[in-house]
Every structure is written in structure tokens, then in C-alpha cells.
Amino acid sequence: KLLLFLSLFFIQGLLHADKEVLVKELFELPCDAEILTPVNLFELQNIVTQASTSHKKIALIGANKSMGGQTQSYDDDSWRVNLDKINKLKSLNVQDKLVTVEAGMTWEQLQSIITPHGLAIKSMQSFKDFSIGGSLSVNVHGQDLKEGQLINSVHSFTLLMTDGSLKTVTRAKD
């Protein structure tokens, strides 16, 4: 669950005329890793369990915008797991300003869901096209001068373990 205490600011226009060439070079995988695209949590759990039992490396892809190499796998026998279909709203509590989303949801998708309810994101990564799970996985700061860092607005998250089990991580107990 993310608390919706987040502020929205965008830095646009960093890529100009050669955007397609630059993006292709930044995100092109330098190996022949197989790309898998699960459509729900059950399929993702199966992929992770299979990878664990077969000692296969996996790299998760949210919006495929991580340029630091955190989500890259350079092993031809690895799997890249694309989470862009795991992007659903699980719950929205307007009164308490709590939302639960799947990891592949982008900030833009979340904002379009909460805006009709008079809510806005107070602190997030600077571009709207990053995935929420990706922002958390690379420990993005997403700092807002008034509201603080992105992680301060995270109430809890669910961690998928290598055996396929799920662990809820909260500030209070973890």
C-alpha cells in the first residue's frame, strides 16, 4: 500500500530529436536472455519458483527505464521478466488516502486513477512513466521538499520470495 501523500513534478524534454535512437541504445539488452511477460501474480510466482529451482538468473523489468543497470542481466541463459501487464489497481481507499497497486503500474497510470477522486501524488520519481515497483526497487529518492522522500509514503509492500511465497513488509514490524 502506498500512502497518497506524494507531490508531482516532471522534468520533461531531456530527449530531443534522436529520442528513438537514444532509447534503443539505452535499453537494448546486450545478450540473448529470454523475455517473459506474466499477466498475474500466479504466473509471476511460477516463473520465480522455476528460476529458483533451476538456478536461473532473473531480472525484473517494470517500465524498462532503469539506466543504472539494476535490472539488466548479461547472462544469455537468464530470464528478463517484464512486469508491465502486472499493473492493476488492487484497492483504493479515498477516505484514508491509501492505494494498493501492482508493481508494474506506472506513476502516470496511478495518477489517472486517483485524480477523479481529488487525490494527487505528493512525492514520486521525476518522470511519470516509471513503474512504481521499479521506483521502489532501485531505491529512488523522489524527494519533495515538503513531503520528504518517496519511501516515507510507503505503508507496506509485498515481497515475492524465491520459493514463490509472499511476505508483507511493513515499517512497524520490519
Between GLU108 and LEU41, how many nm apart are label points set 7 Å from Cα along the C-beta direction? 2.7
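With a Förster radius of 30 Å, plug the Cβ-Cβ distance of ASP84 and ASP174 into 1/(1 + (r/R0)^6) and report the FRET value to the nearest 0.05.
Numbers: r = 28 Å, r/R0 = 0.92.
Approximately 0.60, to the nearest 0.05.
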Amide H to amide H, which residues 5 or more places from THR106 or on other chains are under 5 Å from it, using H placed in the peptide plane? ILE132
Return the long-range amide H neighbours of ILE58 (sequence gap of 5 or more, or a different chain), with a cut-off of under 5 Å between placed amide H atoms. TRP79
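Once you order the gyration tensor axes a ≥ b ≥ c over the Cα atoms, which shape class does region 83-140 get: rounded for a/c under 1.5, otherwise prolate or oblate by comparing a/b with b/c? If you can, show how the numbers build up before the last one.
Working: a/c = 1.79, a/b = 1.40, b/c = 1.28.
Prolate, because a/c is 1.5 or more and a/b exceeds b/c.
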At a Förster radius of 22 Å, what calculated FRET efficiency corresponds to the Cβ-Cβ distance of THR115 and HIS155, to the nearest 0.05? 0.60
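In region 95-174, what is the count of Lys pairs whose alpha carbons are under 26 Å apart, counting only pairs at least 8 residues apart or on separate chains?
Numbers: LYS97/LYS122; LYS97/LYS128; LYS97/LYS146; LYS97/LYS167; LYS97/LYS173; LYS122/LYS146; LYS122/LYS173; LYS128/LYS146.
Lysine pairs satisfying the spacing and distance rule in region 95-174 number 8.
Read-outs: derived from the displayed coordinates by stated rules, not from any lab. Small disclaimer: the values here were computed from a predicted structure and weren't measured. Every residue, glycine among them, receives a Cβ derived from its backbone with ideal geometry; neighbour counts consider all protein chains shown.
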